[in-house]
Structure formats: C-alpha cells, structure tokens
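Contents: one structure, followed by commentary.
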Amino acid sequence: MATKAVKKKAASKSKTALKKKAAPKKAAKKKAAKKKTAVKKNAVKKKAAKKTAPKKVAPKKTAPKKTTPKKSVSKQLLDEDGPANVSWEQERGKPGTVSIRMYCIGTGDCFVIKFFDREGSPFNIVIDCGCCMGDPDWFLPYVKDLRKYIGNTVDLLVVTHEHQDHVNGFQKCGDLFERMVIKTAWFAWTEHPDDPGGEAAELLKKRTAMKAALGSAMQEIEKQEPAIQQAIADSAFAFELKAAREAFLNGMNSLAEINLEATTETGGKPLAGMKRIKDILSDKKTRVKYLNPGSSISVDGLAGVKFHVLGPPKNRDLIFKEGKQGTDVFRKNMALNESALAARAFSRFSNPTDKPDLPFTDEYVVDDRVTGPNTKSKYTGANDNWRRIDSEWLMSAGSLALRLTSHINNTSLALAIECEANGKVILMPGDAEYGSWESWHLIQSWNKKGRNQKHLVEDLLNRTVFYKVGHHLSYNGTALEKGINMMPESNMVAMATLDRNRISKGWKSTMPNKHLLAELIRKTGGRFFIMDETEVDGAPSLTLDPGTLDEAVYKAKRRDDDLAALYKQYTFEFGHVAP
Ligand SMILES: [Zn+2]
C-alpha cells in the first residue's frame, strides 16, 4: 500500500513538472510548421536505420526486472519526444493490407490497427491502453513507440471499458496522449454523459455503489487480518486454511486492483485513466461518439470498411448474466487447488437458495467426492471461529467483487470490423463476457441480415479472420456455442493479451483457460500470438512447428531496457481497397 502511495506522488509530481516546462507551448506551436519538415527528415533517417533485421526473439527465462518507482518520466519525455499536435510522416504499407500491433505492456490491452489505403497511407485505430502493473516508467517505452508508430495521429481511438488493464495507460502516460492528434473517439453507450435513454445512469449508479462497497470490504479485510491469522494459527487445519485464506485474498486483491483506483479507495469514483482520457479528448475538442449495439457505421477516411457494434447489451439482465459451463463457455480449469479450497471455505456462508451470491460459481466449489474424504469436515469443524468472525460481509465481498468485474467487462464496446468487398472480419470484443456474447445474437434488426438468411452476428463470426481473444484467455471471455464454435476452422489468427509474468496472483489459476487455449491453437493452426507465452503450459509455439509462429509470420520487437517484448505485430491482406 505504501509503495502505491509513493508511486502516486511520483506520478503527480511528474505531471506538475511537465506542466511547468510545457509552458512555452505556444511558441512551440508556431515553430511546428518548420519543425514538421525536420521531423519528416528525421523519420526517414530512422526508417533507414530500422531496416536491419529484427532481433531474434529468444524465449524469456529470467523473471521480469522489478521496476522501482522512478521520480518522473517527464525529463526523458521532453528530451526525446516531439512537439504536440503535429502529424509526423508514417511508414506506408501495401494497399489493402492491415497491420495489427499488440503492445506487450503486461496483461492488459493496447492495440494499434493500421489499415493501408489505395496510396498505402495508414489509417490508425488505437484500442485501449492499460495494464494493472507498472509505474509510468514501465509504460513509457510502449506509449512512446506507439506515438512514433502512428505518426502522432490517432484517426480513431476506441476505449472499450473502465478497467485498469484497459485504461490506466491513459493516466500513466497522459502527457504523451495529450500531445497526440486524436481525430475521433468511440466509447460504449454506457459512458454517454447525456444518457439519452436513461439506462447508462442507472448502471453507473449501481457500479458506483458496488465499487464503494468493494473498497470498504478491502479495508475491512485489512482490519480483521490479525484476528483471522490468529484463529488460523490455532486451528488443527492451519495449513489448508492458510492456503484457502491466501487464495481468497489474492482473488480479492486482483479484483480490487482492476476495478478500483487504489485497493482502499472507497468513494466508488471513476478510474483516473478513464477520467484523464475523457478530459484530454474534451480539451482537444475531439469528436466523441457513444455507440449502441445493432448499429453499423462507416468512418471518414477509411473506405471499404464497416464497423458493426455488437455490445455492450442494452438489456441489463444480459450485462449480469453468467454462461453455463460446457455449453455457453468452456469449463473452468480443474479447480483442485487452493482457489477451490478458498471457494469451499467461504461458500458455506451463502444462503443455498441464492446462487448468484456465491463468491465463486457453485461448480467451482470442491466437495468431498473430488478432494477426498473429510475435506468438507475440515471446514465445518468446531475450530472455525475465524470464519464466523467475518462470514457475513466477507461472503458478500467475494460475490460483489466478481459481479462488479463481470458487469464492467460486459460494458465493453465490442466491435466486428468488416471488409465490405470480401466479408473478412476482425473481431475486437474488449473483455466482453458471456452475457454480452449472447446479447449480440439477440439483436433483432440483424435477423436474417447475414448470408443465407443467417443472423448477422453468426455470419460475422463465420467470416472472422482475426480474433482478439476476450478477457485474457479466461474461460468466460469467449463464448463457446455462440462464439468460437461459429468461427472458421482455419485461416484465422488470434492474439491474446496475457503475460503471466505481469499479472496478479489471483488471476493465475484462470488465465489461460486450458480448453480455450487448446481450441484456439487448433482453430488457428498455430497462428496464435500470446503476449508472453513463456509461462503458458502448452504454448502455441511449443506445440506446433515454430515455422507457423516465428518472425516470418509476425514481427516482434523487444524493449531496449528490458528483456520483455515491446510488441508483436501481424500483417495480412484485408482487401478493403483494391491494390
Ligand atoms: Zn481486461
């Protein structure tokens, strides 16, 4: 907690420092025209230098370097970075192709999709910028590279949903986003400030209350920790209880981390990253749109491409709906570990008739048949005082944290990007969970709008050539029958934003889901890029001929200051314009 406070201070310091130094901005603006030519020349030089063969990506074996919080990013930023609000020359690409770059920022999304037009000029879409872990200095190389790569110009910014692993980069490197040209921005209808239908405000109210409650619960957990520790130490089953307790705390911490600004933040306030990017867009007078499911839209400057808005659903039941394992979603990873014990330990306090309030779904609860005799009795014995201490509120805390997380994931702006000429589809669902996937198929106006009288969503899924895997390869981020089973058997490429070196402990048992992982490897024929697969059992490049997954297939670059990857990038023929 203390480190976080220090980090926060450092971040705000850097902001002040930058603001002071950025004062002669107007003068810089006047010079911008002159500088532009200089920058262009520079860009050409750099391009030439970059022509050298890309570094071979060796599997990473060492643990990631622990980044100690540094005072500020602003000095580096001012030394090396170009001025604000100018467009720099960008590398051209083959007309009609698309490059999708996944920044390997840690478990969290930050994508650039470049569409090359008839002249080979790019149209840049930036989708999200976030990762739960890392101080501003960790983010800096990624966002600096992004800024260079897009020539300081975001043609379309898409912010999918308000989770730290999707938005905190906007805060941590806000100074850089402030300097970019951002032409248009899209958010989901749930973020609409005027809320014409009145549905967004209602959801926001609920979300705010849940966030506030989660913050209070986290404080309560901290407060009661000594008493619980003591009770566990005195128990005959101290070892198991400790493991269960630890797993539960890991789970709670990881859920609090993505939902709250600080784990003890109790105000239910919006995340700083979300607020910052909205402020930046408002300062820039960027054209902002809030999208509704069922709309299909074109964008100025991007010919031959249509965007279909799949989610978030308008129906709040679907926003909160969970999928049934085995049919709606894949089965969870086998739960015979501490997390399962944690579920067992805490679920007994639930009212059995009130299933949605279980801290983990009931399938996840381990019973005697699975873990062997007497497991259950270990959790129902006379020495269970520690659980009695915190049963009521702790029970609801687990349930609340999970429901809040799913709720926000299901507010993800989910897009299918279609090539009008040939029907190829790029699927970018954010972190949409099952309820959202199901809702796409229920969009009335799309009935029979697909080929062969199909619903448009089924048809779009059938034609998917690129899939950004939902929710970091977890079991509920990809629908089964209404999702991956409708995607083609081959010719598909997938990318997943999972790096087990940079993820909270609490997520490790669910990410990756091994069934989904195996199915995606099969469906893509190995053309499946995980942000960092070194800690992934049955990783795509190990199971398959490396030839299907090496740099002949995709481009990768490493950070200069670290062994970690900077990005992975895949380019393919989309055909939105004739070459
Ligand atoms: Zn996420």
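Nothing in this text is a laboratory measurement; each read-out follows from the coordinates by a stated rule. Computed from a predicted model, the values in this text were never measured in an experiment. Positions of Cβ are backbone-derived with ideal geometry, glycine not excepted, and every protein chain shown enters the neighbour counts.
Counting residues in segment 395-527 as N, plug N into 2.2 N^0.38 Å and put the Cα Rg over that result.
Working: Rg = 15.5 Å, N = 133, 2.2 N^0.38 = 14.1 Å.
Cα-based Rg divided by the globular estimate yields 1.10.
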(request) Kindly identify segment 428-487 as rounded, prolate or oblate by the Cα gyration tensor criterion: order the square roots of the eigenvalues as a ≥ b ≥ c, call it rounded if a/c is under 1.5, otherwise compare a/b with b/c, prolate if a/b is larger, else oblate. (result) prolate
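Assuming a ≥ b ≥ c are the square roots of the Cα gyration tensor eigenvalues, decide whether segment 454-497 counts as rounded (a/c under 1.5), prolate (otherwise, with a/b larger than b/c) or oblate.
Numbers: a/c = 2.22, a/b = 1.38, b/c = 1.61.
The shape class here is oblate.
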(request) Find which of Leu563, Met531, Thr510 sits farthest along the positive direction of the dipole of segment 496-579, computed with +1 on the beta-carbon of Lys and Arg, -1 on that of Asp and Glu, about the Cα centre. (result) Thr510
(request) Find how much the distance from Leu442 to Thr543 grows on full extension, using 0.36 nm per residue of separation minus their present alpha carbon separation; answer in nm with one decimal. (result) 32.6 nm
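With only Lys, Arg, Asp and Glu charged, each at its Cβ (+1 for the first two, -1 for the last two), find how big the charge dipole of segment 502-555 is about the Cα centre; round to the nearest 20 debye.
Numbers: 8 positive and 8 negative charges, 56 e Å.
Once rounded to the nearest 20, the dipole reads 260 debye.
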(request) Determine the principal axes of the Cα atoms in segment 475-579, then give the extent along each, sorted from largest to smallest and rounded to whole angstroms. (result) 46, 40, 26
(request) Can you pull the one-decimal nm distance between simple spin-label points at Asp300 and Lys242, each 7 Å off the Cα toward Cβ? (result) 6.4
(message) Given all pairs of different Cα atoms, what value in angstroms does the Kirkwood hydrodynamic radius of segment 139-279 take?
(response) 17.7
(request) Treat segment 78-168 as a sphere of radius equal to its Kirkwood radius over Cα pairs and apply Stokes-Einstein at 10 °C in a medium of 1.306 mPa s; give the translational diffusion coefficient in µm²/s, rounded to a whole number. (result) 115
(request) Amide H neighbours of Gly323 under 5 Å, at least 5 residues apart or on other chains, H built in the peptide plane: list them. (result) Tyr434, Gly435
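In segment 229-291, which trypsin sites (Lys or Arg not before Pro) are in a loop and have at most 10 other Cβ atoms within 10 Å, using DSSP for the loop call? List each step's numbers first, then the result.
On the way: sites: Lys242, Arg245, Lys275, Arg276, Lys278, Lys284, Lys285, Arg287, Lys289; in loops: Lys285.
Those that pass, being in a loop and sparsely packed, are Lys285.
So which of Lys275/Lys514; Lys278/Lys314; Lys183/Lys314; Lys223/Lys514; Lys324/Lys468; Lys205/Lys424 end up more than 30 Å apart by C-alpha?
On the way: Lys275/Lys514 36 Å; Lys278/Lys314 22 Å; Lys183/Lys314 27 Å; Lys223/Lys514 37 Å; Lys324/Lys468 22 Å; Lys205/Lys424 39 Å.
Check vs 30 Å cut-off fails for Lys275/Lys514; Lys223/Lys514; Lys205/Lys424.
If N is the number of residues in segment 121-188, what value comes out of its Cα radius of gyration divided by 2.2 N^0.38 Å?
Numbers: Rg = 11.4 Å, N = 68, 2.2 N^0.38 = 10.9 Å.
This ratio for segment 121-188 stands at 1.04.
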(request) Compute the FRET efficiency between Asn422 and Arg287 as 1/(1 + (r/R0)^6), taking r as their Cβ-Cβ distance and R0 = 25 Å, and round to the nearest 0.05. (result) 0.30
